[in-house]
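The values are calculated or read from the model by the stated rules, or taken from the named source; none is laboratory data. None of the values given here were measured: they were computed from a predicted structure. FYI the Cβ positions are ideal-geometry reconstructions off the backbone, even for glycines, and counts take in every protein chain you see.
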Amino acid sequence: MTEKTEGGDVRLSGISKTYGSFTAVHPLDLTVPQGSFFALLGASGCGKTTTLRMIAGLEDPSTGTVSLGARDVTALPPHKRPVNTVFQSYALFPHLSIRENIAFGLRRRGVKSVTKQVGDMLDLVQLGDFAHRKPHQLSGGQQQRVAVARALINHPQVLLLDEPLGALDLKLRRQMQLELKRIQTEVGITFVHVTHDQEEAMTMADTVAVMNGGRVEQLGAPAELYENPRTTFVANFLGTSNLIEAEVVDSSGDEVVVTASGGKLRLPADRCPDAVRAGGRLLVGVRPEKISLTAADEADSVAPGRNAVTGRIVDSSFIGVSTQYVVESPAGRAIEVYAQNVEHRAGLVPGAEVVLHWNPEHTFGLDAAQDITAGVETVEETP
Ligand SMILES: Nc1ncnc2c1ncn2[C@@H]1O[C@H](COP(=O)(O)OP(=O)(O)O)[C@@H](O)[C@H]1O
Ligand SMILES: [Mg+2]
């Protein structure tokens with residue numbers, strides 16, 4: 001299918017939802033560009049489904065408006081909005097064949113000849129050979145592809161997906177992430193995808209909005225969010241971050257200089273919050289894969305100019321492609337280091353004294369007046 005719909009951008013203006021005295025979604029402004037794959041990411045209960053349901057018209061917003069393209073649809077009932085939703089439970093019709101499940105929307109609208117469109121959809125989701133089967137004769141992933149085809153055949157301007165892969169096991173979920181991404185690229189329709197799985201959001205989406213407690217904390221391309229988190233929640237929720245409490249000693253140049261447990265660290269000024277000043281505090285962040293480990297007795301081999309702190313390995317786990325170390329350091333709590341398994345490093349075992357070092361450019365700064373553990377170990381429950 002190559003047909004592209006126009007005006008499929010989604011605009012939320014000041015949209016919010018309260019239930020009694022509880023605010024599920026705080027006033028939110030958001031634009032999802034036409035044709036993009038957009039993910040709403042956050043832990044269970046943060047307001048993702050509520051936001052999606054307001055776009056679909058299944059939930060009345062307490063304040064604000066929803067527009068699709070140039071059209072304000074806030075007052076339209078769900079079936080009059082040019083959107084379709086795919087849920088975690090595919091809700092296929094069990095007694096109908098795959099072909100008839102996909103044709104359902106067209107038949108309901110009285111479309112007579114459905115063969116070509118259904119054929120195109122079967123091709124799109126690569127289920128042509130299964131057209132005559134019943135849903136129970138398909139795997140979970142295949143059933144979910146039928147659900148996607150059944151929604152897309154209506155040519156919605158926007159496809160909403162609420163944790164559509166939540167019921168699938170990990171390997172199948174990974175496959176389906178790529179598959180859904182391919183389908184979205186092929187049809188060019190705006191996808192708004194809700195998930196609590198940060199890897200899923202990063203794999204699939206052009207833009208990710210990270211939600212926390214009914215608010216969007218940060219919005220951006222996956223790599224941008226990962227490399228430049230602006231809050232401790234985003235830093236910890238999206239992958240793992242080492243956050244080190246530090247005091248600013250110089251903020252006058254292109255690099256900010258801080259001290260952490262006596263040692264100096266440097267980081268780019270443009271990766272720090274605006275209000276950084278000498279004497280103030282800062283959280284210094286570095287991702288585990290950016291850090292190298294060197295045995296303390298070889299510390300001389302560490303190139304000058306790198307940020308370095310000392311520590312002692314307290315744990316190491318070999319996980320195939322990498323080894324993950326936990327290092328205790330006066331500079332921070334347990335610092336995590338991911339080292340690619342390029343060569344065997346005999347001395348790097350629990351108990352070993354080490355130097356942790358990294359390129360100052362791979363360091364980001366966060367406002368120290370935040371909970372340093374926000375977003376850590378969020379329980380991943382499937383709603
Ligand atoms: N109909 C409702 N009445 C009261 N509270 C609700 C209702 N629907 C959702 N909530 C609450 O709003 C919050 C956000 O819910 P939801 O949008 O489903 O979160 P998510 O999809 O991110 O898990 C939750 O705390 C939930 O309990
Ligand atoms: Mg939900």
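For (1) at pLDDT 95 or above; (2) outside any loop (DSSP other than H, G, I, E, B); (3) polar (S, T, N, Q), each residue gets a yes or a no:
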| site | (1), (2), (3) |
| --- | --- |
| 300 | no, yes, no |
| 320 | no, no, no |
| 324 | yes, yes, yes |
| 338 | yes, yes, no |
| 342 | no, no, no |
| 355 | yes, yes, no |
| 366 | yes, yes, no |
| 373 | no, no, yes |
| 382 | no, no, yes |
Residues satisfying the stated conditions in region 24-52, i.e. in contact with a Leu (Cβ under 7 Å, 6 or more places away or on another chain) and away from ligand 2 (no atom under 13 Å from the Cβ): 28, 29, 30
Is at least one residue of region 121-133 at pLDDT 95 or above, farther than 26 Å from residue 185 by Cβ and not acidic (Asp, Glu)? yes
Matching residues in region 163-186 - criterion: being touching a Ser or Thr at 6+ places or on another chain (Cβ under 9 Å) and buried (at least 21 other Cβ atoms within 10 Å of the Cβ): 163, 164, 165, 177, 184
If you take the residues in region 75-107 that are closer than 23 Å to residue 191 by Cβ and of a type in the set (D, E, K, R), which one is surrounded by the most Cβ atoms within 10 Å (Cβ to Cβ)? 81
Filter region 19-37 down to residues that are hydrophobic (A, V, I, L, M, F, W, C), within 9 Å of ligand 1 (Cβ to nearest atom) and surrounded by 15 or more Cβ atoms within 10 Å (Cβ to Cβ), then give me how many there are. 2
Complete set of residues in region 13-23 that are part of a strand (DSSP E or B) and either within 14 Å of ligand 2 (Cβ to nearest atom) or more than 15 Å from residue 192 (Cβ to Cβ) (or both): 13, 14, 16, 17, 18, 19, 22, 23
Is it the case that region 156-171 has a residue that's of a type in the set (Gly, Ala, Ser), in a helix (DSSP H, G or I) and modelled with pLDDT under 95? no
Report yes if residue 131 is under 21 Å from residue 179 (Cβ atoms), hydrophobic (A, V, I, L, M, F, W, C) and over 33 Å from the mean Cα position of the chain (by Cα), otherwise no. yes
Test set (1) assigned to a loop (DSSP other than H, G, I, E, B); (2) crowded, with 24+ Cβ neighbours inside 10 Å - residue 234 fails condition number: (1)
Kindly check whether there is at least one residue in region 126-147 that is touching a strand residue (DSSP E or B) at 6+ places or on another chain (Cβ under 6 Å), more than 16 Å from ligand 2 (Cβ to nearest atom) and in a helix (DSSP H, G or I). yes
Looking at the structure I just gave you, is residue 224 at pLDDT 95 or above and either within 27 Å of residue 22 (Cα to Cα) or not in a helix (DSSP H, G or I) (or both)? no
